[in-house]
Amino acid sequence: ELMGMIKGIHTMEERLKEQFGLDEVTIVHGDSDQSSWVKKELGKACANSIKQRLLAKNIIAVTGGTTTLEAAEAMTKDFADGKEVVFVPARGGLGEDLLNQANSIVAKMAANTGGKHRLLYAPDQISRETHESILKEPTINEVLQLIKSSTLVLHGVGEAIAMAQRRNTPEEEFQKIKDGKATAEAFGYYFNEAGQIVHRVSTIGLQLDDLVSAHDVIAVAGGASKGKAIRSYLRGAPKMTVLITDEAAAEQLLSES
Ligand code: BG6
């Protein structure tokens, strides 16, 4: 019975890898919509996957979210194994709750692993003028340079409307997201079913094009409710190294495509 289950998961991983042209897929058992321990398993899988990919020197950029938070919780003192690690938030403020913010998550990762971290203090929804003057701040610029030279990016994927609501998105932007029929969201970018960008939250830090230059990119998202969002995102992703998901989302991804 157990062997059959493991074999089933492995077959699903291989099929997803082929279907979306991914470098690697890890599927954990269960449905994170249904039980919180499944999200914890996603977190553990992220921590393991990153640990295996560490170079001698690492700049790890991380987005916010409840799933990446579990990755932080799963990291321990033996994570870096003598290697150099700096955790940086992938982007500036996106309107998340403090607990789920990228800044909080990288601070936790550094605390749990004994690694270093840098914070990015940038307000949400900034105007073009503020944007330009913020970029000139030496302390901010230094962190932005680190982000641009990330060796690994860990990011979540969410449902577009759920994310827009969670972030208290201004009415005008919300309308743009709806009109664009956005289905997926990742690091402040909103994608439609074809994987096209329909909206992008204006903030500093990682941009979609930057993913190409990172050595590894790990997308983590699970739950049956995220199946469509993950599919849409994968269609638009410029480069995808690793997908970490759960069984319920994987079933959705394989069934409708
Ligand atoms: C956001 C990230 O903070 O969390 C997004 O910027 C991600 O990349 C979202 O889509 C997902 O959140 P959760 O809580 O569903 O893991």
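Over the chain, accessible surface divided per residue gives 46 Å², non-protein components excluded, 1.4 Å probe. For the pairs LYS44/LYS226; LYS17/LYS57; LYS116/LYS136; LYS148/LYS176; LYS178/LYS228, note any where the Cα-Cα span goes beyond 21 Å. Flagged as over cut-off: LYS17/LYS57; LYS116/LYS136; LYS148/LYS176.
Extension gain, SER202 to GLU142, is 19.7 nm, computed as 0.36 nm per intervening residue step minus the present C-alpha separation. Dividing the helix sum by the residues of the chain, where each DSSP H run of 4 or more adds -39500 (n - 2.57), gives a mean residue ellipticity at 222 nm of -13500 deg cm²/dmol.
Under the simplified labelling scheme, the HIS10-ASN168 pair shows an inter-label distance of 5.0 nm, with each label point 7 Å from Cα along Cα→Cβ.
Considering every alpha-carbon pair of segment 215-257, the percent of pairs per 10 Å bin, from zero through the bin containing the longest distance, is 30, 57, 12, 0. In the chain, the portion of solvent-accessible area held by carbon and sulfur atoms comes to 51 percent [1.4 Å probe, whole percent, DNA, RNA and ligands not counted].
The values are calculated or read from the model by the stated rules, or taken from the named source; none is laboratory data. Source: prediction; values computed, not measured. Cβ atoms come from the backbone with ideal geometry, glycine included; neighbour counts cover every protein chain shown. These area figures cover heavy atoms from the full protein model, side chains too; ligands, DNA and RNA do not enter into them. Shrake-Rupley method; radii C 1.70, N 1.55, O 1.52, S 1.80 Å.
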